[in-house]
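Following: one structure in structure tokens, then a few remarks.
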Amino acid sequence: MILLQLKVDPMTITAKLQELTVDAVKELYEIEISPQDVLINQTRREFEGEYSIVVFPFVKAARRKPEDVGTAIGKVIKTNSSIVADFNVVKGFLNISLTSEVWTSFLKKSSQDEDYGFAFPSGRKVMVEYSSPNTNKPLHLGHIRNNLLGHSVSEILKACGHQVVKTQIINDRGIHICKSMLAWQRYGDGETPESSGLKGDHLIGKYYVKFNTVLKEQKAAIGPDAKDDDTEIMQATREMLIQWEQGDDAVLKLWKKMNGWVYDGFNETYARLGVEFDKNYFESKTYLEGKTMVQAGLDKGIFYKEDDGSVWCDLEDVGLDKKIVQRSDGTSVYMTQDLGTARLRYEEFGSDGMVYVVGNEQDYHFKVLFEILKKLEEPYAEQLHHLSYGMVNLPEGKMKSREGTVVDADDLMDEVIQEARIAAQERSEEAVDDENIQNVGLSALKFFILKVSPKKTIVFDPKASVDLQGHTGPYIQNAYVRIQSILRKSGMLDMSLTGEYTEFQDAEKHILVALHEYPRIIQAAGAAYDPAIVANFCYDLAKLYHKFYHDCRILTAESDAAKSFRLNLSQLTAHALKNGCSLLGIEMPERM
């Protein structure tokens, strides 16, 4: 894993409490510890306080009961610090209540910062590869998760202060591409996106399915033991691949035409999803650099040839097996292309790390790739990370592209937007704003996908994703819209009165603690390459705000100081929700 040097403000409340605990333990028990040894959690809701210091690690050395150690440390901290108002001890947990001045100062300082939570530039550059489609079929539900993960991780890393280069490697050559080409050549009768009314990627996907239909028919005609390579259509496809690599004009012309259709279709889908790339790489070009690397590996004795002429790398010394890097007929394999792509990207951009966003079915492939790059002594080989993610299924089950049962990304987006429209019509008889519905629907899709940790499999339910009362994107958007409505109605108010409010309600404290932790949430998500950390923070914050709105009067507060404080609190919550959701690719509407 790439170690990200994330910027942490040394004056955060938790950092200050760690320092105070270090000093107290030394004063009381003459024990030397570091701030990192002090574990601090948010206090559980049923107890008084905002932060809890775990004292169990000091009990053995202090030779005291946990309650006694906690009480002693609490007294010293309260005496030595102006930020602690009170404390209580529950078993091995020292619960700290902070002064009102701490929170009002934090709120006044942060509520005007629209970029609250984002870090200063770190000087590090990270490259993130995602999408990586094949030009033989349209983007599907699995690609949606890939694109949303890649885009979100990139934005989170930017928020952590890093320079990010977003790339994709387009799989525009190989046997699978030739399958669609051959099928269109034989059965397409000149059909085009214009003549068929289909997006280019959908049209090519149609012929990928057609190829596999004919392949099955030919295998069935040969007999039950027939293999793909026994069929005429597969043999013809392999011959087309060889012709392609030899530069056959007719094959290259067909390839360029069909790939052009696909790229137009992809770009429409990307624009709709709100994802983009700084650089596109094409396997039709990177495989050549890969072949150069294979030859260099042979020359150095890192690779070896089998009797049939195929080239292999023996990785048994690192617990893996032997891996082919070039076929016996001289054509490249995926590994050849990935070797070349890695080197070309590093030469063009340089980076302090590369993140590959690819499904978990490729876990072994990336272990092998990284080890081969190490054997080749590539300078970036130690800075590679595979962000592996699980499958996305629908309630009906798995998808199979060869059978044509894949859920196209475009169709799924249409379905979620339609569910959002139905839900909006059920809530109100007023006309539904189409642009707003598009936003809410796509936000629902993005949140539902990203709220789950990447390694887990998802069952995506379009209807559940738009539930305004569920664990959903629209639930968070509703909190933001509610805040915007309150701020519009608030009129002119002296916001400096915030500092005069001192009697906090529990609902207010809970939001303050969550907002204070927001920068660390972003840092944690960046270190783990996990947008779910940000997504679930945004949901929890929205939930806290909805409760605060229910429990506390804002525009009709009991005093101008309370009103000022609650408006500031609302404003900072809105900034955090908007910024946090922007890292997920979710836009906040002004009205719903």
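For Phe106, state whether it is in contact (Cβ under 8 Å) with a residue 40 or more places away in the chain, under 22 Å from Ile511 (Cα atoms), buried (at least 20 other Cβ atoms within 10 Å of the Cβ) and of a type outside the set (Ser, Thr, Tyr). Spelling it out, it is not the case that Phe106 is in contact (Cβ under 8 Å) with a residue 40 or more places away in the chain, under 22 Å from Ile511 (Cα atoms), buried (at least 20 other Cβ atoms within 10 Å of the Cβ) and of a type outside the set (Ser, Thr, Tyr). In this structure, Gly265 qualifies as small (Gly, Ala, Ser) and surrounded by 15 or more Cβ atoms within 10 Å (Cβ to Cβ). Is it the case that the stretch 416-428 has a residue that's modelled with pLDDT of 85 or more, outside the structural domain of Val153 (by TED's automatic domain parsing), within 20 Å of the chain's Cα centre (by Cα) and not hydrophobic (A, V, I, L, M, F, W, C)? For the stretch 416-428, residues modelled with pLDDT of 85 or more, outside the structural domain of Val153 (by TED's automatic domain parsing), within 20 Å of the chain's Cα centre (by Cα) and not hydrophobic (A, V, I, L, M, F, W, C): absent. Please work out if Leu28 is of a type outside the set (Val, Ile, Thr), touching a helix residue (DSSP H, G or I) at 6+ places or on another chain (Cβ under 7 Å) and surrounded by 15 or more Cβ atoms within 10 Å (Cβ to Cβ). So Leu28 passes the test.
Kindly check whether there is at least one residue in the stretch 491-500 that is surrounded by 14 or more Cβ atoms within 10 Å (Cβ to Cβ) and of a type in the set (Gly, Ala, Ser). Among the residues of the stretch 491-500, at least one is surrounded by 14 or more Cβ atoms within 10 Å (Cβ to Cβ) and of a type in the set (Gly, Ala, Ser), which makes the answer yes.
Please pick out the residue among Lys65, Lys125 that is among the charged types (D, E, K, R) and at pLDDT below 95. Reasoning before the result, please.
Details: Lys125 fails: at pLDDT below 95.
The unique qualifying residue is Lys65.
For the stretch 123-175, the tally of residues that are under 14 Å from the mean Cα position of the chain (by Cα), part of a helix (DSSP H, G or I) and not β-branched (Val, Ile, Thr) stands at 15. Is it true that Tyr116 is within 30 Å of Tyr356 (Cα to Cα) and either acidic (Asp, Glu) or at pLDDT 95 or above (or both)? When the stated conditions are applied, Tyr116 does not pass them. When you check His516 against the structure, is it of a type outside the set (Lys, Arg), part of a helix (DSSP H, G or I) and farther than 14 Å from Gly580 by Cα, yes or no? Considered against the rule, which asks whether it is of a type outside the set (Lys, Arg), part of a helix (DSSP H, G or I) and farther than 14 Å from Gly580 by Cα, His516 comes out as no. Does Gly200 fit the bill of being within 30 Å of Ala524 (Cα to Cα), of a type in the set (Gly, Ala, Ser) and within 34 Å of the chain's Cα centre (by Cα)? No.
The values are calculated or read from the model by the stated rules, or taken from the named source; none is laboratory data. Treat the numbers as computed from the prediction; the structure is a model and nothing was measured. Note: ideal-geometry Cβ built from the backbone for every residue, glycine included; neighbour counts use all protein chains shown.
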